[in-house]
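Undergrad: Here it is, the structure, as structure tokens.
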Amino acid sequence: MASAAARRLPQHLKELRIHLCQRSPSSQGVREWVETHYVDMKKANPKFPFLIRECSGIQPKVYARYEYGREVSTPVANFSSGQVMDTLNTMADTPPQ
């Protein structure tokens, strides 16, 4: 799975923002993704802005910002690390309409 994290992101994607809680069970998969895949993803995309935002008591969510300021968000509560990776890959590959 680590090799999947090392993919280059497309140019139409401008930013990925991940919101999570430091302690809630619903953010466990997101925390695991950050611990296991973030470094490989950042190494493959060193100039790409990945924003990891931690806040107590929030529901985990992933935001993708695209060209022309378009933004899409997807809740990832109770997702596994693999499901978070799949969500990020889908958001990267699918520009908003």
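Undergrad: Hey, Pro46 hits all of (1) outside any helix (DSSP H, G or I); (2) open to solvent by less than 50 Å² (accessible area, probe 1.4 Å) but one; which does it fall short on?
TA: (2)
Undergrad: Separate question: Being touching a residue at least 60 places away in the same chain (Cβ under 8 Å), part of a loop (DSSP other than H, G, I, E, B) and either of a type in the set (Lys, Arg) or more than 22 Å from Gln97 (Cα to Cα) (or both): is that true of Arg7 here?
TA: Spelling it out, Arg7 is indeed touching a residue at least 60 places away in the same chain (Cβ under 8 Å), part of a loop (DSSP other than H, G, I, E, B) and either of a type in the set (Lys, Arg) or more than 22 Å from Gln97 (Cα to Cα) (or both).
Undergrad: Something else: Can you say whether Ser73 is surrounded by fewer than 14 Cβ atoms within 10 Å (Cβ to Cβ), under 12 Å from Arg17 (Cα atoms) and free of Cβ contacts under 8 Å to residues at least 40 places away in the same chain, as far as the supplied structure shows? Reasoning before the result, please.
TA: Numbers: surrounded by fewer than 14 Cβ atoms within 10 Å (Cβ to Cβ): yes; under 12 Å from Arg17 (Cα atoms): yes; free of Cβ contacts under 8 Å to residues at least 40 places away in the same chain: yes.
When the stated conditions are applied, Ser73 passes them.
Undergrad: Also: Can you go through Leu20, Leu9, Leu88, Leu16 and tell me which one is in contact with a Cys (Cβ under 9 Å, 6 or more places away or on another chain) and surrounded by 15 or more Cβ atoms within 10 Å (Cβ to Cβ)? Give the derivation first.
TA: Values: Leu9 fails: in contact with a Cys (Cβ under 9 Å, 6 or more places away or on another chain); Leu88 fails: in contact with a Cys (Cβ under 9 Å, 6 or more places away or on another chain); Leu16 fails: in contact with a Cys (Cβ under 9 Å, 6 or more places away or on another chain).
Among Leu20, Leu9, Leu88, Leu16, only Leu20 is in contact with a Cys (Cβ under 9 Å, 6 or more places away or on another chain) and surrounded by 15 or more Cβ atoms within 10 Å (Cβ to Cβ).
Undergrad: Just to check your reading of the model, which residue among Val62, Val30, Val76 is modelled with pLDDT of 95 or more and over 18 Å from Asp93 (Cβ atoms)? Walk me through it before giving the result.
TA: Details: Val62 fails: over 18 Å from Asp93 (Cβ atoms); Val76 fails: over 18 Å from Asp93 (Cβ atoms).
The conditions single out Val30.
Undergrad: Further question: Among the numbered criteria (1) open to solvent by 20 Å² or more (accessible area, probe 1.4 Å); (2) touching a strand residue (DSSP E or B) at 6+ places or on another chain (Cβ under 9 Å); (3) hydrophobic (A, V, I, L, M, F, W, C); (4) not in a loop (DSSP other than H, G, I, E, B), which single criterion is violated by Val39?
TA: Against the list (1) open to solvent by 20 Å² or more (accessible area, probe 1.4 Å); (2) touching a strand residue (DSSP E or B) at 6+ places or on another chain (Cβ under 9 Å); (3) hydrophobic (A, V, I, L, M, F, W, C); (4) not in a loop (DSSP other than H, G, I, E, B), Val39 comes up short only on (2).
Undergrad: Please list, ordered by first then second residue, the pairs with beta carbon atoms under 7 Å, 6 or more apart or interchain, first in segment 11-24 and more than 20 Å from Ser81 (Cα to Cα), second open to solvent by less than 30 Å² (accessible area, probe 1.4 Å) and not small (Gly, Ala, Ser).
TA: Every condition considered, the pairs that remain are His12/Tyr66; Leu13/Tyr66; Lys14/Tyr66.
Undergrad: So which of Ala92, Ala77 is touching a Pro at 6+ places or on another chain (Cβ under 7 Å) and assigned to a helix (DSSP H, G or I)? Can you show your working first?
TA: On the way: Ala77 fails: assigned to a helix (DSSP H, G or I).
Every option except Ala92 fails the conditions.
Undergrad: If the requirement is being assigned to a loop (DSSP other than H, G, I, E, B) and either aromatic (Phe, Trp, Tyr) or under 19 Å from Trp33 (Cβ atoms) (or both), which of these qualifies: Gln97, Gln83, Gln59?
TA: On the way: Gln97 fails: either aromatic (Phe, Trp, Tyr) or under 19 Å from Trp33 (Cβ atoms) (or both); Gln83 fails: assigned to a loop (DSSP other than H, G, I, E, B).
Testing whether each residue is assigned to a loop (DSSP other than H, G, I, E, B) and either aromatic (Phe, Trp, Tyr) or under 19 Å from Trp33 (Cβ atoms) (or both) leaves just Gln59.
Undergrad: Condition test on Gly29, is it open to solvent by less than 30 Å² (accessible area, probe 1.4 Å), touching a residue at least 60 places away in the same chain (Cβ under 8 Å) and among the small types (Gly, Ala, Ser)?
TA: Values: open to solvent by less than 30 Å² (accessible area, probe 1.4 Å): yes; touching a residue at least 60 places away in the same chain (Cβ under 8 Å): no; among the small types (Gly, Ala, Ser): yes.
So Gly29 fails the test.
The values are calculated or read from the model by the stated rules, or taken from the named source; none is laboratory data. It should be emphasised that the depicted structure is a prediction, and the values quoted were computed from it without experimental measurement. Backbone-built Cβ (ideal geometry, glycine too); neighbour counts: all protein chains shown. Ligands, DNA and RNA are stripped out before the accessible areas are found, and what is left, the full protein with its side chains, is counted by its heavy atoms. Shrake-Rupley method; radii C 1.70, N 1.55, O 1.52, S 1.80 Å.
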